[in-house]
Amino acid sequence: MTLSPSDSARVRGAQGPSYKVGPRCSNPTCRKLAEHVHHIWRRSALGGPFDWVAVLDGERERMVGNLTGVCPDCHDDLTGRLGGHRARIEYAEDKFRWHKIGSHGAVYVGLLDPQPPTPETVSRDLGQSAESEACPFCGQHKRRRASATPNARRRKTWRVLVPDDGEDGAAILDALVEDVGLTLGIDPVQSGRYYILLPVLYHACQSKAALVESMKGVGG
């Protein structure tokens, strides 16, 4: 599970235009190809897989991107998937910083490279000027863009109720889906959780006896 980038600032998920990450790992000392997309603020903290967040620090709210590109090894370091957390991304003073975690605590490594986008950088990438175009987040005077997938399938929501007392069901499901997604080579951000859950459930249906036996545990 990803460690929180900030212990003080209040954060909420926000809607915004899509953007690309990479092509290199944002760990400033790595520079391998960014094969994975990482949520800086984890899904369970925001109530969903938001690509953007609004950070309220004191009286000021700032919109920043919530995605960064990382290589598989650095992704494991951030999520603690293998052997615990070995890295953390910290957000402070409007910048994202990479920290290495060792036996003596977190050590600052450097600024993420590239930094996640802001509305201003996205506007520049889209070729918009402040005088002629509105902010891409507000929707006013925004030019309609052709859909990247004109024949995209229709979608609907399938809800799952999870415990939220001593057990954080959302965080557990997020971690399991991300882990299985890495195994299957499916990014839940790009493809959706459906394409991870479907083959897993199908496999369970095809191997019911093995599934039941595995849930019995071992020992007397």
Can you find a residue that is exposed (fewer than 10 other Cβ atoms within 10 Å of the Cβ) and either at pLDDT 75 or above or among the small types (Gly, Ala, Ser) (or both) anywhere in the range 185-192?
yes
Restricting attention to the range 5-22, which residues are touching a residue at least 12 places away in the same chain (Cβ under 8 Å), exposed (fewer than 14 other Cβ atoms within 10 Å of the Cβ) and under 21 Å from Val107 (Cα atoms)?
Ser8
Taking Tyr108 as meeting all but one of (1) surrounded by fewer than 19 Cβ atoms within 10 Å (Cβ to Cβ); (2) assigned to a loop (DSSP other than H, G, I, E, B), write down the number of the exception.
(2)
Quick test for you: out of Val218, Val200, Val212, pick the one residue that is over 28 Å from Met63 (Cβ atoms), aliphatic (A, V, I, L, M) and at pLDDT below 80.
Val218
If a residue has to be free of Cβ contacts under 8 Å to residues at least 60 places away in the same chain and in contact with a helix residue (DSSP H, G or I) (Cβ under 8 Å, 6 or more places away or on another chain) to count, how many in the range 85-99 make the cut?
1
When the residues of the range 38-71 are filtered to those that are under 14 Å from the mean Cα position of the chain (by Cα) and surrounded by fewer than 16 Cβ atoms within 10 Å (Cβ to Cβ), which remaining residue is farthest from Thr157 (Cα to Cα)?
Gly47
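How many residues does the range 50-87 contain that are of a type outside the set (Asp, Glu) and part of a strand (DSSP E or B)?
15
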Residue by residue through the range 23-37, note down the ones that are buried (at least 23 other Cβ atoms within 10 Å of the Cβ) and not aliphatic (A, V, I, L, M).
Cys25, Ser26, Asn27, His36
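The values are calculated or read from the model by the stated rules, or taken from the named source; none is laboratory data. Being a predicted model, the structure only gives us computed values, none of them experimental. Virtual Cβ from ideal backbone geometry, glycine too; neighbours counted across all protein chains shown.
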